[in-house]
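Data block below; observations after.
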Amino acid sequence: MSSKVKKKILGLKESSTLAINEKSKELILKGKKIYQFGFGQSPFPVPEKIVKKLKENAHRKEYLPIQGLPELRKKISNYLFERTGNNYPIENILITPGSKEAMLLIHIAFDGDIIIPAPGWVSYKPQADIGSNKVHWLETYRSNNWFPSGKDLEKKIKSIGKRKNLILILNSPNNPSGSVCDNFQELAQVAKKYGILILSDEIYTDLTFTNEYNSISKFYPESTFITGGLSKWCGAGGWRLGFLAVPKKLSEFMKSLKSLASESYSTVNTPTQYASVEAYSSNHEIYKIKVRAILKAVGNYVYSNLKSNKVLINPPQGAFYLMPEFKNKKFKNSTQLCDAILNDTGVAMLPGSDFGFNPKKMLTRLSYTDFDGIEFFKNTSDHKTIDVKMVKRYAPNVVEGTTKLSNWAKNL
Ligand code: PMP
Ligand code: GLU
């Protein structure tokens, strides 16, 4: 019997990030000790002032404008201006239920092909498939910190051919590599030369460990879409509050996105939008500095204790991921490798193949967020005092999982 589901939708599986989260929880319920290095979620509390605003606005029940609360869009416009020097006016900002939805709407509206550097986040390719946009993976290398060079990009564009509209997706700090891009200017020059659009996924940019906010839009504002939101820097993934900023010259694109929004989710829930005004009203600098410092300390702990002649890793620079590569010929692909690690040690990770790598490459994604962020945050007085002792005390699961993984790798 026919499944009555469209072929391209039948081909989709559940997003692997959410699937590993559920699988880990099931195993825990069955009594297994699991180190949850699979799902990428901020462990930190939402800043108190923002939670307070949510409570104060819980009674609001009216629908807001499709594009979102004007006051919130104004704050986001200012936030982007301060960080990138670019003016994305409020008419060009759309509030979305998570930035994931913003990206999906772009794929549905866009008529062209998508270039995704590998590694690229698990949802980019399925979303392009849903939008019937062809994907061109752009291979990157450890030696270039897992970002494409200008030359790599130019070669890829030339191989695709001239008549195509193209979007290049960039994400820095990067999920899954944890690396920060240091060649935006060079990439922007090539993008400009060929007139391609950029989708700059800046969901982790406030979690850059050097405390800098870098964006390719600084070099190519006229054709750069920016997505962001509360999920990572503010610890509010479950609130589902994201935004999209559309460059001024693409206002027509914005019109179509607005229609799509109005025909799907209508508008984002009202109390969260009011609370988010608070989130974008000040810099929350003390909160962010502490969060970054804790993540940096935990990331560096994992990096230093896992890296060996059997496990290659680049140092953590932002977000909360590392991308260990295991040297072995025993496993056929990275999924088999992750299954064996989960089985043997209880450490849950995602295979590199979910991020666009050749399945034969023994790359994995490790998310180092399996700790009580509320406790760690509460016991951190400033960003200078986080030493290994504190990591051991407040992130014991990360420490134990790292030891298990490191011992496992010794036998490869
Ligand atoms: N981009 C990347 C790279 C991510 O890891 C995530 C994680 N959820 C998102 C976008 C989407 O975030 P959200 O929809 O919660 O804004
Ligand atoms: N971004 C998170 C991750 O990569 C999970 C949330 C999601 O996929 O929407 O694990």
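The values are calculated or read from the model by the stated rules, or taken from the named source; none is laboratory data. What you see is a predicted model; the values in this text were computed from it and never measured. Positions of Cβ are backbone-derived with ideal geometry, glycine not excepted, and every protein chain shown enters the neighbour counts. Heads up: the accessible areas ignore ligands, DNA and RNA and are worked out on the full protein's heavy atoms, side chains in. Shrake-Rupley method; radii C 1.70, N 1.55, O 1.52, S 1.80 Å.
Laid out as a table, the results:
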{"item": "Test: residue in region 350-361 that is under 22 Å from ALA395 (Cα atoms), within 16 Å of ligand 1 (Cβ to nearest atom) and either part of a loop (DSSP other than H, G, I, E, B) or not small (Gly, Ala, Ser) (or both)", "result": "yes"}
{"item": "Verdict on PRO126 being under 22 Å from the mean Cα position of the chain (by Cα), under 27 Å from SER256 (Cβ atoms), touching a residue at least 24 places away in the same chain (Cβ under 8 Å) and part of a helix (DSSP H, G or I)", "result": "yes"}
{"item": "Residues satisfying the stated conditions in region 212-262, i.e. of a type in the set (S, T, N, Q), surrounded by 23 or more Cβ atoms within 10 Å (Cβ to Cβ) and away from ligand 2 (no atom under 16 Å from the Cβ)", "result": "SER215, SER217, THR224"}
{"item": "Selected residue (criterion: surrounded by the fewest Cβ atoms within 10 Å (Cβ to Cβ)) from residues of region 23-45 that are within 16 Å of ligand 2 (Cβ to nearest atom) and farther than 19 Å from THR364 by Cβ", "result": "LYS25"}
{"item": "Any chance SER276 is under 22 Å from LYS55 (Cβ atoms) and within 14 Å of ligand 1 (Cβ to nearest atom)", "result": "yes"}
{"item": "Flag for LYS360 being surrounded by fewer than 21 Cβ atoms within 10 Å (Cβ to Cβ) and closer than 16 Å to LEU405 by Cβ", "result": "no"}
{"item": "Residue in region 167-175 that is open to solvent by less than 30 Å² (accessible area, probe 1.4 Å), modelled with pLDDT of 95 or more and away from ligand 1 (no atom under 16 Å from the Cβ) present", "result": "no"}
{"item": "Tally of residues being open to solvent by 30 Å² or more (accessible area, probe 1.4 Å) and either within 16 Å of ligand 1 (Cβ to nearest atom) or modelled with pLDDT under 95 (or both) across region 60-100", "result": "2"}
{"item": "Unmet criterion (only one of (1) in a helix (DSSP H, G or I); (2) in contact with a helix residue (DSSP H, G or I) (Cβ under 7 Å, 6 or more places away or on another chain); (3) open to solvent by 20 Å² or more (accessible area, probe 1.4 Å)) for ILE341", "result": "(3)"}
{"item": "Selected residue (criterion: farthest from ligand 1 (Cβ to nearest atom)) from residues of region 1-22 that are within 21 Å of GLY131 (Cα to Cα) and open to solvent by 80 Å² or more (accessible area, probe 1.4 Å)", "result": "LYS4"}
{"item": "Of all residues in region 363-410 being open to solvent by 10 Å² or more (accessible area, probe 1.4 Å) and β-branched (Val, Ile, Thr), the one that is farthest from SER353 (Cα to Cα)", "result": "THR385"}
{"item": "Among residues of region 14-27, those that are more than 25 Å from the chain's Cα centre (by Cα) and under 18 Å from THR402 (Cα atoms), counted", "result": "0"}
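For every residue, the table says whether it meets (1) on the phi > 0 side of the Ramachandran plot; (2) surrounded by fewer than 24 Cβ atoms within 10 Å (Cβ to Cβ); (3) within 16 Å of ligand 2 (Cβ to nearest atom).
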| position | (1), (2), (3) |
| --- | --- |
| ASN144 | no, yes, no |
| GLY161 | yes, yes, no |
| SER177 | no, no, yes |
| LEU197 | no, yes, no |
